Amino acid sequence: MASQGSAWYVDFFRSDYLNVYGHMFTEERAEKESAFVASALGLKAGASVLDLCCGQGRHSIQLAKRGLRVTSLDLNAEYLELAKQAAATAKVEIETVAADMRELPSEDKFDAIVNMYSSFGYLESEAEDLKVLESAAKALKAGGQLLLDMLNREWAIDNYIQNDWHTGADGTLYVERRDLDLATSRMHVHFIVVDSKGGRRESIGHNIRLYTLTEMTRLLERVGIRVTSVVGGFDSEDYGIVTRRMIIVGRKI
């Protein structure tokens, strides 16, 4: 469970996140998603890119392989160490920064900022989420681009399943419960973890605000970023209710 006084995104990302979702994070997937990012943003070798909420650096490494100058930022220092190790193994260079996503330590620095795999909407209120966009806008160069890879709220409602489960490679059972609050538009996903010996514990899971395209367009406009395109996935499919993802690209005005 969460430590007293800590937010879910501090506790859940200590260990449970990779245990629960790590099986999905293949190199092939990261390469495909990063190729889409580079194409969608028209990034050329030498462009400066911030991987915002980089986790263990799976997209950072792939972007660096394309000759981009990558800064990998995350709140979790252990993930940044994993990113450094992955970069060394891949023989590429990345800069790692431990910081809160609301307080990016740069201004007018980046040609692009990418925020992958539903890493926006973590914070406690829309006002706090807006601070992330304000900070990103300041960190972008004039004309720089922001890419947000988000879960499509419309799809999440249309495909809502409250209970689910899967088994990890080591035999651990993850029982998942999703609670969707339509009044606040927040999805709370928490887990019961049962190890191969029958030991049982609860994980705080994650609690994310799901935004509509209308809401995101307005928030981005408030910080001086104009939406230039929206697609529904990494195959550039048209965005709609049936698409699981909502990938927004905006440009700093």
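The values are calculated or read from the model by the stated rules, or taken from the named source; none is laboratory data. The shown structure was predicted, so the numbers you read here are calculated from the model rather than taken from an experiment. Methodologically, a virtual Cβ is constructed for each residue, glycine included, from the backbone with ideal geometry; neighbour enumeration extends over all protein chains shown. Please note that ligands, DNA and RNA were not included when accessible areas were found on the heavy atoms of the full protein model with its side chains. Shrake-Rupley method; radii C 1.70, N 1.55, O 1.52, S 1.80 Å.
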Practice item. Could you check region 109-167 for strands (runs of 3 or more DSSP E) lying wholly inside it with 3 or more residues that are touching a His at 6+ places or on another chain (Cβ under 6 Å)? Key: none
Review point. Which of (1) part of a strand (DSSP E or B); (2) surrounded by fewer than 16 Cβ atoms within 10 Å (Cβ to Cβ) is the odd one out, the single condition Leu180 does not satisfy?
Key: (2)
Review point. Taking Val223, is it among the aliphatic types (A, V, I, L, M), modelled with pLDDT under 95 and either open to solvent by 30 Å² or more (accessible area, probe 1.4 Å) or closer than 30 Å to Gly42 by Cα (or both)?
Key: no
Check your understanding: Has region 234-242 got at least one residue that is hydrophobic (A, V, I, L, M, F, W, C), surrounded by 13 or more Cβ atoms within 10 Å (Cβ to Cβ) and farther than 19 Å from Ser119 by Cα?
Key -> yes
Point to revise | Matching residues, region 205-253, being in contact (Cβ under 8 Å) with a residue 24 or more places away in the chain, assigned to a strand (DSSP E or B) and within 18 Å of the chain's Cα centre (by Cα) | key: Gly205, His206, Asn207, Ile208, Arg209, Val231, Arg245, Met246, Ile247, Ile248, Val249, Gly250
Check your understanding: Can you find even one residue in region 43-65 that is in contact with a Gly (Cβ under 9 Å, 6 or more places away or on another chain), touching a residue at least 24 places away in the same chain (Cβ under 8 Å), among the acidic types (Asp, Glu) and under 29 Å from Val227 (Cβ atoms)?
Key -> yes
Check your understanding: Counting just the residues of region 188-204 that are assigned to a strand (DSSP E or B) and of a type in the set (Lys, Arg), which one comes out most open to solvent (accessible area, probe 1.4 Å)?
Key -> Arg200
